[in-house]
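*Asks:* One structure coming up, written as structure tokens, with questions to follow.
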Amino acid sequence: MEKQFLIRAAAPADVGELLRLIHELAVYEKLEHMAVGTQPMLHAALFGERPVCEALVAQSGGRAVGFALFFPTFSTFLCKPGLYLEDLFVEPAHRGLGIGKALLQRLAALTVERGGGRFEWRVLDWNEPSIRFYEGLGATLLREWLLARITGPELERLAAR
């Protein structure tokens, strides 16, 4: 069966559709209140003077139905670069067609092409379908590692010290 989708690098014209998909992801993850980014913010992050991330778009029927947003990392232990997948999302109506797997395969290929030693991402602990999917691809869940985050006023206070 021929695949009915295309995986490609995001272009500036995709920013509106990417933001729509990011909003859909936030709703799915029950984090809609945290999705406060705007098109100008996302455009600057992806295509501005100093881009800080990249994105892949999954397209089907001439429209964006999924995306992967990622950025470079570095492993001090491996002394090699890597990629960190910030978000991956495929619209529910397009799941089960191999789009998520194709996005991850392209990111793994980019990691290898760029001389990387690891490709990492996080998954919510309640998202069992995704956990099973990732483990089926060979991913190892590092349950002993916890995410530490500082935002908002706490970030400002720490920066001012």
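*Asks:* Please report the antiparallel percentage of DSSP beta bridges with both residues in segment 1-144, rounded to the nearest 5.
*Replies:* 85 percent
*Asks:* Follow-up question, since we're still on this one. Sketch the reach of a paramagnetic label on ARG157 as a point 7 Å from Cα along Cα-to-Cβ, and name the residues of segment 24-67 whose backbone nitrogen lies under 16 Å away.
*Replies:* none
*Asks:* What accessible area, in Å² to the nearest ten, does a 1.4 Å probe give for ILE7?
*Replies:* 40 Å²
*Asks:* Tell me the per residue accessible area of segment 52-161 using a 1.4 Å probe; a whole number in Å² is fine.
*Replies:* Value returned for segment 52-161: 64 Å² of accessible area per residue.
*Asks:* Could you work out how much longer the chain between LEU146 and SER75 gets when fully extended? Use 0.36 nm per residue separation minus the Cα distance between them, nm to one decimal.
*Replies:* Additional length available on full extension: 23.8 nm.
*Asks:* Between GLN4 and PHE47, what is the FRET efficiency for a Förster distance of 22 Å, r being their Cβ-Cβ separation, to the nearest 0.05?
*Replies:* 0.20
*Asks:* Among residues other than LEU78 whose Cβ falls under 14 Å from its Cβ, what is the net charge (Lys/Arg +1, Asp/Glu -1)?
*Replies:* Net charge in that neighbourhood comes out at +2.
*Asks:* What longest region of the chain stays clear of GluC sites (Glu not before Pro) that DSSP places outside H, G, I, E and B and that have at most 16 other Cβ atoms within 10 Å?
*Replies:* Between the exposed loop sites, the longest stretch runs 50-143.
*Asks:* A further question on this structure: So how far apart, in nm, are the two label points at GLN105 and ILE131 if each is 7 Å from Cα heading toward Cβ?
*Replies:* About 2.7 nm separates the two model spin labels.
*Asks:* Another one. Carbon and sulfur atoms: what percent of the 1.4 Å accessible area of the chain do they account for?
*Replies:* 58 percent
*Asks:* In the chain, once you exclude exposed chymotrypsin sites (Phe, Trp or Tyr not before Pro) (DSSP loop, at most 12 other Cβ within 10 angstrom), what's the longest stretch remaining?
*Replies:* The segment 1-76 is the longest one with no such site.
The values are calculated or read from the model by the stated rules, or taken from the named source; none is laboratory data. Note that the structure is a prediction, hence the values are computed from the model and not measured. Positions of Cβ are backbone-derived with ideal geometry, glycine not excepted, and every protein chain shown enters the neighbour counts. Quick note on the areas: whole protein, heavy atoms, side chains included, nothing else; ligands and nucleic acids left out. Shrake-Rupley method; radii C 1.70, N 1.55, O 1.52, S 1.80 Å.
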